[in-house]
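Enquirer: Okay, here's the structure, questions in a sec.
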């Protein structure tokens, strides 16, 4: 118990003095996950919008598939990206395995289904409301998608934040494709896993604290966004 | 003189705008859903000028007919033409449509109007002044910056009409625009529509409210069970309805 108490104390100290090792890990975490979410948004939002607006045969199957992909186990994604990027894999020559780029790719794949599914739902609901009015005004299909994306922007930002929450907190995918290499691919979650198994609880707890605060901040941001949008009746 | 939006059709003569939509003609229009015939070979022409009220009991097909004429719904049989040619999206801004429940974009009141002007191809420099004019005409200029969705039901509907009129349509189509409003708001809407009509906009107005029809109509189209039971000048319709269904409706009797 004494150990745990001192570990907590040390963890707080690391956070307060902005320990360089800790800051480096947090910075890499943020860089990887933010990049992954932005890239996932670039892919996921158009997919969601297209699924919401375009009717095609097999659409319901695609929606079931998309919703199932939301629950993709991170380790499986990690394994698949690992296979693709490993030397013998199709993308092996790029030499991306055990780099931050590989981690970004893995997290992006994890997050795309979330952003696509949530934006599909949001945009489809809004389309039900807007469709006739926009057609009556003479808006074409592309104008319709642009209008829906703009008017749904608050909800879509919420989807992006949810995606970020998932990306920054997952460990299975980044540990497989990143390898948890010190100063190169060590992020918060992989560091916590490693330090815990090494018994160095202080760093693990410090990082855990930051991760927790980050999760709370993301959720607070989501709520604040919803409230602002609600007040302005933009939601 | 408003600038012509499109020079491609080449139908313009002198000062005539090129993109006309009147008369709107539905010929042999039928709509069937789930084995039921909701509109049954309806023939109707809306000529420029009069304020036409399309009336009938619930389920007679009034709203459906209005949507078919506005090319929002494809008829299963028959055809709709605008000024003699097939409806086209390009000409949609020449035809203003107002729904029973106003659809407000998640923007300010004036941005709702600006949006319609942009879609209609109005140059950016003209949009502000025209949007403000449209809001002033609806008595909404004070609320220009308010989010449209916090306006009251009556204000939203007035905004919807202002938005529809901002693109200077030839015809305004309204689908029971006052069905959810109190009497004061209803009269404000009727006044707004009457002024638009006096300013030269042709109007087609769907309602099941007899009093409203009496107050507004130049002519009445009476729909019953998906067919036009009667199409007559308003005075004649109310004094001497020629169809049994219309007579029953006016007297307030229940119909089969």
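The values are calculated or read from the model by the stated rules, or taken from the named source; none is laboratory data. Computed from a predicted structure; not experimentally measured. Note that each Cβ is placed from the backbone with ideal geometry, even for glycine, and that neighbours are counted across all protein chains shown.
Enquirer: If you check every pair at least six apart or on different chains, which have Cβ atoms under 7 Å apart with a residue in segment A:188-213 that is surrounded by fewer than 19 Cβ atoms within 10 Å (Cβ to Cβ) first and a residue that is not in a helix (DSSP H, G or I) second?
Expert: Here the result reads A:193/A:171; A:194/A:180, each pair linking segment A:188-213 to a residue that is not in a helix (DSSP H, G or I).
Enquirer: Continuing with this model, one more query. Since residue A:156 meets every condition but one in (1) over 30 Å from residue A:120 (Cβ atoms); (2) crowded, with 16+ Cβ neighbours inside 10 Å, which condition does it not meet?
Expert: (1)
Enquirer: Also, quick follow-up: Quick test for you: out of A:161, A:209, pick the one residue that is modelled with pLDDT under 90 and farther than 14 Å from residue A:30 by Cα.
Expert: Checking each option against the conditions leaves just A:209.
Enquirer: Hey, another quick one. Could you tell me whether any residue of segment A:227-235 is touching a strand residue (DSSP E or B) at 6+ places or on another chain (Cβ under 6 Å), under 30 Å from residue B:104 (Cα atoms), surrounded by fewer than 18 Cβ atoms within 10 Å (Cβ to Cβ) and within 14 Å of chain B (Cβ to nearest Cβ)?
Expert: Taking every residue of segment A:227-235 in turn, at least one turns out to be touching a strand residue (DSSP E or B) at 6+ places or on another chain (Cβ under 6 Å), under 30 Å from residue B:104 (Cα atoms), surrounded by fewer than 18 Cβ atoms within 10 Å (Cβ to Cβ) and within 14 Å of chain B (Cβ to nearest Cβ).
Enquirer: Also: Given the criteria more than 11 Å from chain A (Cβ to nearest Cβ) and at positive phi, does residue B:137 qualify?
Expert: No, not satisfied.
Enquirer: So, in segment B:70-106, how many residues would count as being part of a loop (DSSP other than H, G, I, E, B), closer than 22 Å to residue B:154 by Cα, more than 8 Å from chain A (Cβ to nearest Cβ) and within 16 Å of the chain's Cα centre (by Cα)?
Expert: Matching residues across segment B:70-106 total 3.
Enquirer: Further question: For a quick check of your reading of the model, give me the residue pairs whose first member lies in segment A:99-120 and is within 10 Å of residue A:159 (Cα to Cα), whose second is at pLDDT below 95 and not in a helix (DSSP H, G or I), with beta-carbon atoms closer than 9 Å and at least 6 apart or on different chains.
Expert: The qualifying pairs are A:114/A:70; A:116/A:70; A:117/A:70; A:118/A:70; A:119/A:152.
Enquirer: At least 1 residues that are at pLDDT below 90 and under 30 Å from residue A:202 (Cβ atoms) in each: list the helices (runs of 4 or more DSSP H) lying fully within segment A:1-96 that qualify.
Expert: A:2-16, A:20-53
Enquirer: How about segment B:127-224: which helices (runs of 4 or more DSSP H) wholly inside it have at least 3 residues that are surrounded by fewer than 17 Cβ atoms within 10 Å (Cβ to Cβ)?
Expert: Helices (runs of 4 or more DSSP H) meeting the threshold: B:183-198, B:210-216.
Enquirer: Which one of these does residue B:230 not meet: (1) in a helix (DSSP H, G or I); (2) touching a residue at least 12 places away in the same chain (Cβ under 8 Å)?
Expert: (1)
Enquirer: Scan (1) surrounded by 22 or more Cβ atoms within 10 Å (Cβ to Cβ); (2) at pLDDT below 90; (3) in contact with a strand residue (DSSP E or B) (Cβ under 9 Å, 6 or more places away or on another chain) for the single condition residue B:88 breaks and write down its number.
Expert: It fails just one condition, (1).
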